[in-house]
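The values are calculated or read from the model by the stated rules, or taken from the named source; none is laboratory data. Computed from a predicted structure; not experimentally measured. Cβ atoms come from the backbone with ideal geometry, glycine included; neighbour counts cover every protein chain shown.
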Amino acid sequence: MVIPSGTNRSVTARALRLSLSAIRRTYGAVTALDGASLKVAVGEVHALLGENGAGKTTLMKIAFGLDQPDEGAIAIDGEACTFRSPRDAMKRGIGMVQQHFALVDAMTVAENVALGAGGPFDLGRTVAVIEEISRASGLPLDPAARVRDLTVGAQQRLEIIKALARRSTTLILDEPTAVLSPGESAELLAWTRRFADGGGTVILIAHKLREVLSVADRITVMRRGRTVLTGLASEVTESSLADAMLGASSSQPESATAPRAAHSIENTPVISLTGVSVRDSMGVKRLHEATLTVSRGEILGVAAVEGAGHSELLRVMAGRLAPSDGTLVAPAEVGFVPEDRHRDAVVLEATLTENVALRGAKSRRGVIAWNAVRKTTASLMRTRDVRSDNADALMRTLSGGNQQKLVVGRELLGAPAALIVENPTRGLDIRATSEVHAALRAARDDGTAIVVYSSDLDEVLALADRIIVVAAGRVAAVAADRDSVGRAMLEAQ
């Protein structure tokens with residue numbers, strides 16, 4: 001565990017900040033929480049781990065007043081309390097940064113910070129608050145910038161600044177590094193350490209065990225709605241945590257960073273780009289004369305820092321964005337798993353069946369055979385381990401990981417000629433990550449041309465047969481090793 005020099009990280013004598021005891025929550029016949037408990041002390045980073053659907057996010061929604069328990073007790077600083085809404089929790093110093101940001105794209109940073117504060121909007125005062133927090137926290141942000149123009153990392157900082165502007169002393173961070181670059185992830189984790197060392201409290205929901213062990217003081221593991229382990233981070237290992245998350249009798253799935261097996265690539269082009277450029281709405285060139293080919297039966301890995309132009313490249317190949325210049329040759333239908341599933345991949349208020357029916361909707365004509373789609377959805381749920389009551393459940397009732405598994409499975413239906421994937425395992429646990437990786441490799445072996453971008457460089461290295469780096473809008477092929485890829489990515493900064 002990384003411990004900043006000169007700090008005292010003793011966690012045994014700290015005062016208890018937040019306590020959730022014997023929390024039970026059911027949704028119809030589904031038991032999301034079955035007597036779960038969590039105790040977090042002042043001045044610590046407390047990691048909350050578990051498989052998808054283990055109940056982590058539900059427990060934290062209760063801690064933040066977004067949901068209420070059927071049974072159990074909540075206490076802040078030893079005082080029993082009830083949260084009927086997030087406003088109640090915020091009054092007690094609790095802030096939550098959810099996995100999917102709650103921001104208004106058309107508004108500025110300052111306007112987003114002011115939302116929910118009450119009273120008339122005072123731009124000067126809000127800007128002063130943002131600048132003060134930015135200086136004190138080391139989280140720089142331009143108050144005048146519009147959210148739609150911010151990188152994912154900057155949006156993450158904005159969510160944290162929103163919470164700090166409301167004087168939050170306890171922060172719940174739900175998968176905060178899921179879509180950040182390695183450099184951004186390291187900066188965010190370092191900030192959580194400083195925040196805790198300064199007397200704050202951080203609850204970190206995460207799946208990346210190496211990151212957790214580098215920053216956490218204590219760790220709690222949940223499984224199937226119950227708390228199954230709580231202990232010091234210094235007394236556990238990645239292996240013991242995996243056993244606790246999956247069950248001691250379960251064999252640990254193949255690591256997401258396991259070495260690639262040798263694979264022979266067919267020399268049959270499926271997607272070809274020649275001199276492709278993309279300009280944004282302001283006329284700024286985001287992708288410069290990209291020329292590349294993706295062949296049948298290969299996984300092409302894409303590595304890039306945020307804002308380097310890889311998003312434009314992927315959307316051109318997926319047919320979601322037209323090139324400003326150059327030539328694109330691609331199949332009429334290309335599967336696409338976007339980075340932000342809530343915005344671009346699913347309809348939360350629709351059923352699972354209706355969401356599966358979105359596959360190929362662009363070209364489909366005529367009447368939908370709903371019984372057939374429902375059977376396909378049920379089969380997909382079984383084969384991809386999507387945990388829900390039935391195919392007619394609403395998408396919003398699924399955990400984030402189960403939503404992602406459904407989206408990946410949907411886009412693999414019918415053995416597509418090509419599949420473009422952004423951060424395929426965002427928010428997934430160890431087992432689900434292994435299953436998604438296996439599904440992508442199996443599709444590759446069946447002849448699908450696959451392009452994978454991940455903010456986790458280890459994931460790119462584990463999956464890819466070939467790797468390209470997108471740096472400052474330019475595409476370059478690199479050797480498939482960490483040093484070569486890392487150096488090429490850094491040239492963009």
Quiz item: Across the stretch 226-249, which residue is modelled with the highest pLDDT among those that are out of contact with any Lys or Arg (no Cβ under 8 Å at 6 or more places or on another chain) and of a type in the set (Gly, Ala, Ser)?
Solution: SER234
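Test ILE62 against the criterion of being farther than 23 Å from LEU241 by Cβ, surrounded by 21 or more Cβ atoms within 10 Å (Cβ to Cβ) and at pLDDT 95 or above, and give yes or no.
Answer is yes for this residue.
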Self-check item: Residue among ALA144, ALA102 that is hydrophobic (A, V, I, L, M, F, W, C), loosely packed, with under 14 Cβ neighbours inside 10 Å, in a loop (DSSP other than H, G, I, E, B) and at pLDDT 90 or above
Solution: ALA144
Practice problem: Would you tally the residues in the stretch 44-59 being surrounded by fewer than 24 Cβ atoms within 10 Å (Cβ to Cβ) and hydroxyl-bearing (Ser, Thr, Tyr)? | Solution: 1
Quiz item: Which of the residues spanning the stretch 369-384 are surrounded by fewer than 16 Cβ atoms within 10 Å (Cβ to Cβ) and not charged (D, E, K, R)?
Solution: ALA369, TRP370, ASN371, ALA372, SER379, THR383
Exercise. Hey, can you tell me all the residues within the stretch 41-59 that are within 24 Å of LEU246 (Cβ to Cβ) and of a type in the set (A, V, I, L, M, F, W, C)?
Key: VAL45, ALA47, LEU48, LEU49, ALA54, LEU59
Quiz item: So, in the stretch 325-368, of the ones that are in a loop (DSSP other than H, G, I, E, B) and at positive phi, which residue ends up surrounded by the most Cβ atoms within 10 Å (Cβ to Cβ)?
Solution: GLY360
Exercise. Would you point out which residue out of GLY335, GLY301 is of a type in the set (Gly, Ala, Ser), over 21 Å from ARG474 (Cβ atoms) and touching a residue at least 40 places away in the same chain (Cβ under 8 Å)?
Key: GLY335
Quiz prompt | Among (1) at pLDDT 90 or above; (2) closer than 30 Å to THR425 by Cα - the single one THR126 does not satisfy | solution = (2)
Quiz prompt | Residues (in a loop (DSSP other than H, G, I, E, B) and crowded, with 24+ Cβ neighbours inside 10 Å) located in the stretch 306-324 | solution = ALA308
Quiz item: Name the pairs whose Cβ atoms lie under 7 Å apart, with the first residue in the stretch 137-151 and free of Cβ contacts under 8 Å to residues at least 60 places away in the same chain, the second among the β-branched types (Val, Ile, Thr) and in a loop (DSSP other than H, G, I, E, B), and 6 or more positions between them or separate chains?
Solution: VAL147/VAL104
Quiz item: Could you give every pair whose Cβ atoms fall below 9 Å, whose first residue belongs to the stretch 58-79 and is of a type in the set (Lys, Arg), and whose second residue is surrounded by fewer than 22 Cβ atoms within 10 Å (Cβ to Cβ) and part of a strand (DSSP E or B), counting only separations of at least 6 or pairs across chains?
Solution: none
Quiz prompt | Matching option when the condition is in a helix (DSSP H, G or I), surrounded by fewer than 19 Cβ atoms within 10 Å (Cβ to Cβ) and either of a type in the set (Gly, Ala, Ser) or within 23 Å of the chain's Cα centre (by Cα) (or both), among GLY124, GLY118 | solution = GLY124
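Listed here are the residues, each with its yes/no results for (1) out of contact with any Lys or Arg (no Cβ under 6 Å at 6 or more places or on another chain); (2) assigned to a loop (DSSP other than H, G, I, E, B); (3) among the polar types (S, T, N, Q).
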| residue | (1), (2), (3) |
| --- | --- |
| VAL421 | yes, no, no |
| THR433 | yes, no, yes |
| VAL436 | yes, no, no |
| ARG441 | yes, no, no |
| GLY447 | no, yes, no |
| VAL451 | yes, no, no |
| SER455 | yes, yes, yes |
| ASP458 | yes, no, no |
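Residues in the stretch 416-435: is at least one without any contact (Cβ under 8 Å) to a residue 60 or more places away in the chain and buried (at least 19 other Cβ atoms within 10 Å of the Cβ)?
No: zero hits.
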